[in-house]
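Step one of this worksheet: look at the structure below.
The values are calculated or read from the model by the stated rules, or taken from the named source; none is laboratory data. For clarity, every value in this text was computed on a predicted model and none was experimentally measured. FYI the Cβ positions are ideal-geometry reconstructions off the backbone, even for glycines, and counts take in every protein chain you see.
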Amino acid sequence: MASSTPANLSATLFTLPGFPGLEKAHQWIGIPIFSVYLAAMLGNCTILYVIWAEPSLHQPMYFFLAMLATTDLGLCLTTVPTVMGVLWFQLRKISKGACITQLFIIHSFSFMESAVLFAMALDRFLAICYPLRYTVLLTTNRVVRIGLVLLMRSTMLLVAPMMFLQQFPYCPDATLSHSYCLHQDVIHLACASTVFNTFYGLIVIVLTLGSDLLFILISYSLILKTVLGMTSGNEGYHKALGTCVSHICAVLVFYVPVLGLSVVHRFGQHASPLLHVIMGNFYILLPPLMNPIIYCIQTKQIYSRILRIASLKRV
């Protein structure tokens, strides 16, 4: 579609809707969202502190968990203050530059979280299928290199579409579907051809989220084959299953909201605007809230360390 909006009439401010139809309840809606935000921040900061303070947790599995907690913190810090500004202070306008910067950071953290989940699946695969070579194959230096490579992948793939978003003219009535900025939301407001961003975005999703999920499934297929080859009474049988449960839960907690949000954006044009907002908030709040809970419950080392810290504070 050719550009239909002159550059001097292009919108420079986008409107964030909050919860359509529930504007009078925004103050009350903000209370549970802010409570979840505080719980997510506390949980992920606790995970990071425990891993940093406990030398026995300075292992690849926990380094990857620290990366996961960092991405969750980044996702919360990037989005929830904007949401709370809309709900509590009626700050419903965001500049084009700030919006594009925000969506770049949000998608970078999302791709990074997907990549870290894949790295954690690889870690479990090596630990269970090649236990004698695990410490040789996955050293601390290699974990750091993997983290840097994943970070570069998560950011560099987004540079091109962000540059196009910056150049697009936007229709005057530039109202978004969420209380923060997402690429698939902003691109619908462009009064220009968005073919490149549409197809490039699809390719990037397949190369990142799609390939990560595929490799996670392959890793767990191989892990399951190895575990089933153990005798049921073997101590390693139960330990192997236990170390995988938390990671599988984290994968579900991340990918289910992502897939739900993608379905709503692609097929929910006639759905209630409220559904878009609700799915968007699940997307940014559910993984950061649930991941610390999952790993605190399933990982005895982290759980026992937290109890030890709590008991010392009582004394």
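Would you check if there is a residue in the range 62-71 being over 27 Å from Leu224 (Cα atoms) and either more than 13 Å from the chain's Cα centre (by Cα) or surrounded by 19 or more Cβ atoms within 10 Å (Cβ to Cβ) (or both)? Among the residues of the range 62-71, at least one is over 27 Å from Leu224 (Cα atoms) and either more than 13 Å from the chain's Cα centre (by Cα) or surrounded by 19 or more Cβ atoms within 10 Å (Cβ to Cβ) (or both), which makes the answer yes. Filtering the range 131-186 to residues that are β-branched (Val, Ile, Thr) and farther than 15 Å from Ala11 by Cα leaves Thr135, Val136, Thr139, Thr140, Val143, Val144, Ile146, Val149, Thr155, Val159. Just checking, which of Met84, Met162 is farther than 17 Å from Asp212 by Cβ and modelled with pLDDT of 95 or more? After applying the criteria, what remains is Met84. Checked against (1) more than 24 Å from Pro273 (Cα to Cα); (2) polar (S, T, N, Q); (3) in a loop (DSSP other than H, G, I, E, B), Ser177 passes all but a single condition, namely (1). Of everything listed in (1) modelled with pLDDT under 90; (2) among the aliphatic types (A, V, I, L, M); (3) under 22 Å from the mean Cα position of the chain (by Cα), the single unmet condition for Leu132 is (3). Which of the residues that make up the range 50-69 are part of a helix (DSSP H, G or I) and out of contact with any helix residue (DSSP H, G or I) (no Cβ under 7 Å at 6 or more places or on another chain)? Correct list: Trp52, Ala53, Pro55. Leu16 meets the stated requirement of being touching a strand residue (DSSP E or B) at 6+ places or on another chain (Cβ under 7 Å) and at negative phi.
From Thr140, Thr198, Thr175, which residue is among the polar types (S, T, N, Q) and at pLDDT 90 or above?
Working: Thr198 fails: at pLDDT 90 or above; Thr175 fails: at pLDDT 90 or above.
None of the other options fit; the residue is Thr140.
The single condition among (1) of a type in the set (Ser, Thr, Tyr); (2) in contact with a strand residue (DSSP E or B) (Cβ under 6 Å, 6 or more places away or on another chain); (3) more than 27 Å from Ile33 (Cα to Cα) that Tyr134 does not satisfy is (2). Per the listing Met120, Met112, the residue uniquely assigned to a helix (DSSP H, G or I), surrounded by 20 or more Cβ atoms within 10 Å (Cβ to Cβ) and touching a residue at least 60 places away in the same chain (Cβ under 8 Å) is Met120.
Among the residues of the range 259-268, are any among the hydroxyl-bearing types (Ser, Thr, Tyr), assigned to a helix (DSSP H, G or I) and over 15 Å from Ile106 (Cβ atoms)? Taking every residue of the range 259-268 in turn, none turns out to be among the hydroxyl-bearing types (Ser, Thr, Tyr), assigned to a helix (DSSP H, G or I) and over 15 Å from Ile106 (Cβ atoms).
Pairs needed: first member in the range 55-75, farther than 16 Å from Cys296 by Cβ; second member anywhere, part of a helix (DSSP H, G or I) and among the aromatic types (Phe, Trp, Tyr); C-beta distance under 7 Å; at least 6 residues apart or different chains. Sorted first by the residue in the range 55-75, then by its partner, the pairs are Thr71/Phe109; Gly74/Phe109; Leu75/Phe109.
For every residue, the table says whether it meets (1) under 29 Å from Leu202 (Cβ atoms); (2) out of contact with any helix residue (DSSP H, G or I) (no Cβ under 6 Å at 6 or more places or on another chain); (3) charged (D, E, K, R).
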| residue | (1), (2), (3) |
| --- | --- |
| Met112 | yes, no, no |
| Val116 | yes, no, no |
| Ala127 | no, no, no |
| Pro131 | no, yes, no |
| Val136 | no, yes, no |
| Val144 | no, yes, no |
| Leu151 | yes, yes, no |
| Thr155 | yes, no, no |
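Applying the criterion of being over 22 Å from Leu286 (Cα atoms) and not hydrophobic (A, V, I, L, M, F, W, C) to the residues of the range 23-61, the residue that is surrounded by the most Cβ atoms within 10 Å (Cβ to Cβ) is Pro60. One residue stands out in the range 86-104 among those that are surrounded by fewer than 18 Cβ atoms within 10 Å (Cβ to Cβ) and assigned to a helix (DSSP H, G or I): the one that is farthest from the chain's Cα centre (by Cα), namely Phe89. When Phe282, Phe254 are screened for being under 25 Å from Leu224 (Cβ atoms), modelled with pLDDT of 85 or more, part of a helix (DSSP H, G or I) and within 12 Å of the chain's Cα centre (by Cα), only Phe254 passes.
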